[in-house]
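*Asks:* I'd like to ask you about the structure that follows.
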Amino acid sequence: MTRATTRAVRAGLVSDRHHNAVVPPIHLSATYAFPAFGQKGAYDYGRSGNPTRDLLAGAIADLEGGAGAVVTATGMAAVTLVLQLVPSGGRVVAPHDCYGGTHRLLAAFARRGLIDVAFVDQRDLTAVERALAVPTRLLWIESPSNPLLRLTDIAAVARLGRAAGALVAADNTFLSPALQRPLALGADIVVHSTTKYLNGHSDVVGGAVVARDTTLHQELAWWANCLGVSGAPFDSFLTLRGLRTLHVRIRQHVENAQAVAALLLEHPAVGQVHYPGIGAMVSFTLKRGVRAVAAFLDGLEHFTLAESLGGVESLVAHPATMTHASMDAETRAHAGIGDDLLRLSIGIEAAEDLVADLRAALDRVAAR
Ligand code: PLP
């Protein structure tokens, strides 16, 4: 079989039957003509189906090894979509340190009585098993976790979930199928914020849900149309364009992240370093704690203080006041997300420039 790198580059090329365009065109039309009374073509209405969006869905499903994918307007729309598979009051088991937005949605749905949620530390298989002792519809996995980059043994946790009769969904946003394929490890569903590595250029907000089998894919597609969470054609076009370079970008992201992690591990101003050895997200604390955060950030040249991750440009975030501000302080503390934690999304710039910039910032902190 052709390699994933090649399939990502070539997804949907020369599929235009009218002009043989090499790059597939964008179909922006909101509606489609019926060939005749009572006859519906492949497409009828843009919320239900769109050729550009379908090309992207096919490419993502292929890279994840799924039967099909649904492309959504945002990553949170993808999470919302998967939650439709949980019946009223059904139980969801999720990581205690998942992405703040996912945590907020699960907690809000639970408060309204739509679901029952148990947040557990999924590094502890006994805790997962205990949580699954109560009949569970959905086991949510996020690995590596955001922002502490904790790794969950997806195969082991998925085995427990399936044995308990739960659907297993894994948020693969942080690694992408270039580095991790949860379906091959036993998950039923993969979720992405395509805003991150899949698009890779910080110019689209989008999401995707990949299903292991056709029945599940059809159910998800039905809900996406019903709820109206489908992704836009132009966003799909851009994301497919971004996806073509996924593997080459990821290679550079990871090489740069390893250089950055090596610097952080040896610099005396750094406290803890969270880098699982895979991917390009690195978080760390400063020995001088929260008081040193501003000194570190002021003067950084190649890292922009901003939310999000996975773009070609390097970013720095302060999770407690940014990405995870929607978690209350107690929940953050329980998840281990301190006010002194900084998170880096390592881009594809020259590693030497990133390392020099961070070294200068850390030296400034140490000199204070
Ligand atoms: N899942 C993870 C792991 C994320 O980091 C994010 C966003 O940061 C989301 C889901 C939500 O995606 P979006 O911001 O595209 O709605």
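*Asks:* In a Debye calculation with equal point scatterers on the alpha-carbon sites of the range 278-336 and no solvent, what is log10 I(q)/I(0) at q = 0.17, 0.20 Å⁻¹?
*Replies:* Result of the Debye calculation: -0.68, -0.92.
*Asks:* Given the DSSP H assignment, sum -39500 (n - 2.57) over each helix run of at least 4 residues in the chain and divide by its residue total; what's the result at 222 nm in deg cm²/dmol, nearest 500? Walk me through the numbers before you get to the answer.
*Replies:* Values: 12 runs with 134 residues, N = 368.
Calculated mean residue ellipticity at 222 nm is -11000 deg cm²/dmol.
*Asks:* Which percent, to the nearest 5, of DSSP beta bridges fully inside the range 240-347 are antiparallel?
*Replies:* On the way: 11 of 13 bridges.
Percentage antiparallel, nearest 5: 85.
*Asks:* Another question about this same structure. If I take R0 = 41 Å and measure r between the Cβ atoms of LYS40 and ARG251 in this structure, what FRET efficiency does the formula 1/(1 + (r/R0)^6) give, to the nearest 0.05?
*Replies:* Values: r = 44 Å, r/R0 = 1.07.
Calculated value: 0.40.
*Asks:* Could you give each residue of the range 357-363 its phi-based ³J(HN,Hα) in whole Hz, using Karplus coefficients 6.51, -1.76, 1.60 with θ = phi - 60°, and x for Gly or Pro?
*Replies:* Once rounded to whole Hz, the list reads 5, 5, 4, 4, 5, 5, 5.
*Asks:* Of the candidates ALA350, ALA335, ALA69, which one comes out as most mobile in a Gaussian network treatment of the chain with C-alpha springs shorter than 10 Å?
*Replies:* Judging by the Gaussian network model, the answer is ALA350.
*Asks:* While we're here: Which of the peptides 300-309, 216-225, 177-186 is most tightly packed, and how do the rest follow, going by the mean number of other Cβ atoms within 10 Å of each residue?
*Replies:* Numbers: 300-309: 16.6, 216-225: 18.2, 177-186: 21.0.
Those peptides, ordered most packed to least, come out 177-186, 216-225, 300-309.
*Asks:* Additional query: With +1 on the Cβ of every Lys and Arg and -1 on the Cβ of every Asp and Glu, and nothing else charged, how large is the dipole of the chain about its Cα centre, in debye rounded to the nearest 20? Each step should come with its number before you reach the end.
*Replies:* Numbers: 32 positive and 33 negative charges, 119 e Å.
In total the dipole reaches around 580 debye.
*Asks:* Still on this model: Using only alpha carbon positions, build the gyration tensor of the range 1-65, then give the equivalent ellipsoid semi-axes as the square roots of 5 times its eigenvalues, largest first, whole angstrom. Intermediate values should be presented prior to the final figure.
*Replies:* Details: eigenvalues 140, 39, 20 Å².
They are 26, 14, 10 Å, listed largest first.
*Asks:* In whole Hz, with x marking every Gly and Pro, tabulate ³J(HN,Hα) for the range 121-134 from phi via Karplus 6.51 cos²θ - 1.76 cosθ + 1.60, θ = phi - 60°.
*Replies:* 7, 7, 6, 9, 5, 5, 5, 5, 4, 5, 5, 7, 5, 7
*Asks:* Looking only at the chain, where both bridge partners belong to it, what percent of the DSSP beta bridges are antiparallel (to the nearest 5)?
*Replies:* Expressed as a percentage, antiparallel bridges in the chain total about 55.
*Asks:* Right, another one. Okay, which of the range 1-25 sit inside 18 Å, backbone N to the point 7 Å along the Cα-Cβ direction of ALA33?
*Replies:* Counting only backbone N, you get 17-19.
*Asks:* On to the next question. Can you give me the C-alpha center-to-center distance between the range 137-188 and the range 258-307, rounded to a whole angstrom?
*Replies:* About 27 Å separates the Cα centre of the range 137-188 from the one of the range 258-307.
*Asks:* Can you give the alpha-carbon Rg of the range 45-171 over 2.2 N^0.38 Å, where N counts its residues? Mind showing how you got there, number by number?
*Replies:* Working: Rg = 15.2 Å, N = 127, 2.2 N^0.38 = 13.9 Å.
So the range 45-171 has a normalised radius of gyration of 1.10.
*Asks:* Taking a ≥ b ≥ c as the square roots of the eigenvalues of the Cα gyration tensor of the range 113-186, is the shape rounded (a/c under 1.5), prolate (a/b larger than b/c) or oblate? Before the final figure, lay out each step's value.
*Replies:* Details: a/c = 1.69, a/b = 1.51, b/c = 1.12.
Prolate, because a/c is 1.5 or more and a/b exceeds b/c.
*Asks:* Moving to a separate point now. So what's the angle, to the nearest 10 degrees on a 0 to 90 scale, between helix 246-266 and the longest Cα principal axis of the chain?
*Replies:* 20 degrees
*Asks:* Just want the ordering: ASP340, ASP353, ASP235, from fewest to most Cβ atoms lying within 10 Å of their own Cβ.
*Replies:* Values: ASP340 19, ASP353 13, ASP235 23.
The fewest-first ordering by Cβ neighbours comes to ASP353, ASP340, ASP235.
*Asks:* Please give the charge dipole size of the range 287-350, origin at the Cα centre, charges +1 on K and R Cβ atoms and -1 on D and E Cβ atoms. Round to the nearest 20 debye.
*Replies:* Values: 5 positive and 9 negative charges, 50 e Å.
Here the range 287-350 has a charge dipole of around 240 debye.
*Asks:* Continuing with the same structure: Using the alpha carbons of the chain, what is the convex hull volume per residue in cubic angstrom, as a whole number? Intermediate results must be reported in sequence, preceding the final value.
*Replies:* On the way: hull volume 52.5 nm³, N = 368.
So the per-residue hull volume is 143 Å³.
Throughout, read-outs are computed from the coordinates displayed, never taken from laboratory work. Computed from a predicted structure; not experimentally measured. We place every Cβ from the backbone using ideal geometry, glycine too, and count neighbours over all the protein chains shown.
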